[in-house]
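> Okay, here's the structure, questions in a sec.
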Amino acid sequence: MVRLSYYGQLTVFPRKQVFRIPLNGDQCGDAESVDVGGQPNALNLAIQNPEFALITTDSGIVLLHNSKVISTTKVNYTITSSSVSPDGTEAVVGAQDGKLRIYSINGDTVTEEAVLEKHRGAITSIHYSPDVSMFASADVNREAVVWDRSSKEVMPVFD
């Protein structure tokens, strides 16, 4: 998988490594590799904190600052999707069991704050709203759910 960030970096992750490649105009700089301990399944950049990245593997959450691993948190469920808030202080992690786990991030500490249950299948996608007041999640059964970020409740659906 290859991802181009807004901040002029190309990030590539084959196998257990993430490569950070600086982009300068139409030229690529030297690649820096980081071993994240497992096959990455998601790379999340905190848009307001561009040196911070959250990477998930099927069994863990890895925090990077620039190209250095600052924290690795193993989990006892299979991660399928993740998203990080623009300021890098919160992550929503989706799992094979259909649950969403909300984590607070403070420096190199990742703390589970809540477990949300609504989906009936593995989580495939998670995204914050532009104003960060809500986030949406989707699952393999093509069900999408919009959540209120502060209350952690499902937003009402109006017809």
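The values are calculated or read from the model by the stated rules, or taken from the named source; none is laboratory data. None of these values were measured; they are calculated from a predicted model. Counting neighbours? That spans all protein chains shown, and the Cβs are built from the backbone with ideal geometry, glycine included.
> Which condition number in (1) free of Cβ contacts under 8 Å to residues at least 12 places away in the same chain; (2) assigned to a loop (DSSP other than H, G, I, E, B) is the one that ASN141 fails?
Tallying (1) free of Cβ contacts under 8 Å to residues at least 12 places away in the same chain; (2) assigned to a loop (DSSP other than H, G, I, E, B), ASN141 fails exactly one: (1).
> Follow-up. For the condition part of a strand (DSSP E or B) and either of a type in the set (Phe, Trp, Tyr) or at pLDDT below 95 (or both), what is the one hit in LEU100, LEU43, LEU63? Write out each step before concluding.
Numbers: LEU100 fails: either of a type in the set (Phe, Trp, Tyr) or at pLDDT below 95 (or both); LEU63 fails: either of a type in the set (Phe, Trp, Tyr) or at pLDDT below 95 (or both).
Unique residue meeting the criteria: LEU43.
> Being in contact (Cβ under 8 Å) with a residue 24 or more places away in the chain and either part of a loop (DSSP other than H, G, I, E, B) or within 15 Å of SER59 (Cβ to Cβ) (or both) is the requirement here; does VAL110 meet it? Give the steps one after another, and end with the answer.
On the way: in contact (Cβ under 8 Å) with a residue 24 or more places away in the chain: yes; either part of a loop (DSSP other than H, G, I, E, B) or within 15 Å of SER59 (Cβ to Cβ) (or both): yes.
Considered against the rule, which asks whether it is in contact (Cβ under 8 Å) with a residue 24 or more places away in the chain and either part of a loop (DSSP other than H, G, I, E, B) or within 15 Å of SER59 (Cβ to Cβ) (or both), VAL110 comes out as yes.
> Just for the stretch 133-159: of the residues that are farther than 18 Å from SER104 by Cα and acidic (Asp, Glu), which one is nearest to the chain's Cα centre (by Cα)?
Looking at the filtered set, the residue picked out is ASP139.
> Do we find that GLU117 is surrounded by fewer than 18 Cβ atoms within 10 Å (Cβ to Cβ), without any contact (Cβ under 8 Å) to a residue 40 or more places away in the chain and over 19 Å from VAL75 (Cα atoms) in this structure? Full working, then the answer.
On the way: surrounded by fewer than 18 Cβ atoms within 10 Å (Cβ to Cβ): yes; without any contact (Cβ under 8 Å) to a residue 40 or more places away in the chain: yes; over 19 Å from VAL75 (Cα atoms): no.
Considered against the rule, which asks whether it is surrounded by fewer than 18 Cβ atoms within 10 Å (Cβ to Cβ), without any contact (Cβ under 8 Å) to a residue 40 or more places away in the chain and over 19 Å from VAL75 (Cα atoms), GLU117 comes out as no.
> Looking at THR73, is it modelled with pLDDT of 90 or more and surrounded by fewer than 20 Cβ atoms within 10 Å (Cβ to Cβ)? Steps first, answer last, please.
Values: modelled with pLDDT of 90 or more: yes; surrounded by fewer than 20 Cβ atoms within 10 Å (Cβ to Cβ): yes.
Against the criterion (modelled with pLDDT of 90 or more and surrounded by fewer than 20 Cβ atoms within 10 Å (Cβ to Cβ)), THR73 qualifies.
> OK, next. Residue check: is PRO130 exposed (fewer than 13 other Cβ atoms within 10 Å of the Cβ) and within 18 Å of the chain's Cα centre (by Cα)? Spell out how you get there, then give the answer.
On the way: exposed (fewer than 13 other Cβ atoms within 10 Å of the Cβ): yes; within 18 Å of the chain's Cα centre (by Cα): yes.
Answer is yes for this residue.
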